[in-house]
Amino acid sequence: MLSLVAVIALSCQRTPKVEMITISNHNGMSATFTNYGARITSLIVPASDGTFKDVVWGYDTVEEYYDSNDLYCGPIVGRYGNRIGKGRFVLDGKEYFLTINDGENHLHGGSGGLSTKVWNMEKLSDREVKMSILSPDGEEGYPGNVEITVYYTLNYDNSFDIKYEAVTDAPTIINLTSHAYFNLHGTSKYSTNSHILRINASHFTPTDEGLIPTGEIASVGGTPLDFRVPTAIGERIDEVSFEPIAFAGGYDHNWVLDKEREFSLAAEVFEPSTGIVMQVWSDQPGLQFYSGNFMDGKDIGRGGDIHGYRTGIALETQNYPDAPNHPDFPSPVLRPGEVYKQLTRYSFSLNAF
Ligand code: GAL
């Protein structure tokens, strides 16, 4: 249950000032955040030639993030990350209607979702930042006053943790994820098609043309979505004879992780030219891998880098898309007295797999 203090704070809350904070570890790895969307704006990691590379998309100024809301460049997305078909769902017999912002569907919490809000931001130590927000009952159509906290931590072993917690005062649904775009070249001048990817998943959730799951859990075996053996992203990305690739214009699918709900290695990515390896560890049941198929090159990022077609990948650990409308999918329901918890770890090294 939300405390009375929290609900009073919710009704009195003022918009905090938009700021940026940098944290670092003793290896020279650093991360920068802004509280606009609880967003990661920079993540600097060692490369094999002894230099450091910024492996996430970002802009030179915080103002530029306001104009890029549709790209979701680095924020926490929610309350429900990913899509909900026709923006409707039924919970405890009551029908709810969410903002429609993606064709006829609801995407990433709606046009005024968490990625567009100014969060409270606090530097807890040289290596840790806390973001928090109270999302009021009815925001973008979601029920319940929900108190959300996200902790970003840089560890000494060059891993980067995102820890989420949320509580509600009424039954609701929730699915939070980070929408950082990674490019292990350290610049979006080069395509992410050269990255070698492995995903620990034998199944995925096929969708319709609007990327809403049909409800089927299909095998990846013999398809371009089989990344159980490390494969370059670009190798099969245009195999449009496989309908799911045609619908998404490349990769934009939810992989059903083999070790559901157990903190484990979900995926790893390697860029041969920089030697950078990124592992993704998570306790979530799904991984949305988006290969940047909607990018049109009109968006200009840090230092003039063009955010072009397939120059950034998102690896979003989360529940399955449209889970509120599929009783067979893992439940996204959060009730008063329960705590939503999630841990995702992006771990960096130079040890190719
Ligand atoms: C991804 C989603 C894509 C696209 C993108 C934002 O998470 O899977 O379909 O909507 O966000 O452009």
- Cβ pairs under 9 Å, 6+ apart, first in region 115-144 and closer than 24 Å to L91 by Cβ and open to solvent by 40 Å² or more (accessible area, probe 1.4 Å), second of a type in the set (S, T, Y) and at pLDDT below 95: K117/T15; P136/S11
- Task: Please state which of the following conditions L176 fails to meet, knowing it meets all the rest: (1) more than 15 Å from S291 (Cα to Cα); (2) surrounded by fewer than 19 Cβ atoms within 10 Å (Cβ to Cβ).
- Result: (2)
- Item | Scan of region 8-42 for residues that are at pLDDT below 80 and open to solvent by 50 Å² or more (accessible area, probe 1.4 Å), ordered by number | I8, S11, C12, Q13, R14
- Item | Output for region 272-317, where each listed residue is part of a strand (DSSP E or B) and of a type in the set (S, T, N, Q) | Q279, S282, Q288, T317
- Item | Subset tally (residues that are part of a loop (DSSP other than H, G, I, E, B) and either buried (at least 23 other Cβ atoms within 10 Å of the Cβ) or touching a strand residue (DSSP E or B) at 6+ places or on another chain (Cβ under 9 Å) (or both)) for region 191-210 | 5
- Scan region 258-284 residue by residue and report those that are of a type outside the set (S, T, Y) and within 16 Å of the ligand (Cβ to nearest atom). A266, A267, V280, Q284
- Task: Filter region 96-105 for residues that are within 16 Å of the ligand (Cβ to nearest atom) and surrounded by 17 or more Cβ atoms within 10 Å (Cβ to Cβ) and give the result.
- Result: L98, T99, I100, N101, D102, N105
- Task: Could you give me the residue pairs with C-beta distances under 6 Å whose first residue belongs to region 76-95 and is at negative phi and more than 16 Å from the ligand (Cβ to nearest atom), whose second residue is in a strand (DSSP E or B) and of a type in the set (S, T, Y) wherever it lies, and which are 6+ apart or on separate chains?
- Result: F89/Y96
- Message: Out of everything in region 63-75 that is aromatic (F, W, Y) and open to solvent by 10 Å² or more (accessible area, probe 1.4 Å), what residue ends up being farthest from the ligand (Cβ to nearest atom)?
- Response: Y66
- Which of the residues that make up region 167-223 are within 15 Å of the ligand (Cβ to nearest atom) and of a type in the set (D, E, K, R)? D208, E209
- Message: Looking at region 244-271 only, could you name the residues that are free of Cβ contacts under 8 Å to residues at least 24 places away in the same chain, surrounded by fewer than 19 Cβ atoms within 10 Å (Cβ to Cβ) and over 19 Å from the mean Cα position of the chain (by Cα)?
- Response: A246
- Query: Looking at (1) in a loop (DSSP other than H, G, I, E, B); (2) within 20 Å of the chain's Cα centre (by Cα); (3) surrounded by fewer than 14 Cβ atoms within 10 Å (Cβ to Cβ), which is the only condition K341 fails?
  - Reply: (1)
- Could you tell me which numbered condition M295 fails, if it satisfies all but one of (1) aliphatic (A, V, I, L, M); (2) within 11 Å of the ligand (Cβ to nearest atom); (3) buried (at least 23 other Cβ atoms within 10 Å of the Cβ)? (3)
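The values are calculated or read from the model by the stated rules, or taken from the named source; none is laboratory data. Small disclaimer: the values here were computed from a predicted structure and weren't measured. All Cβ positions, glycine included, derive from the backbone under ideal geometry; neighbour counts span all protein chains shown. Keep in mind that these areas ignore ligands, DNA and RNA; they rest on the heavy atoms of the full protein, side chains included. Shrake-Rupley method; radii C 1.70, N 1.55, O 1.52, S 1.80 Å.
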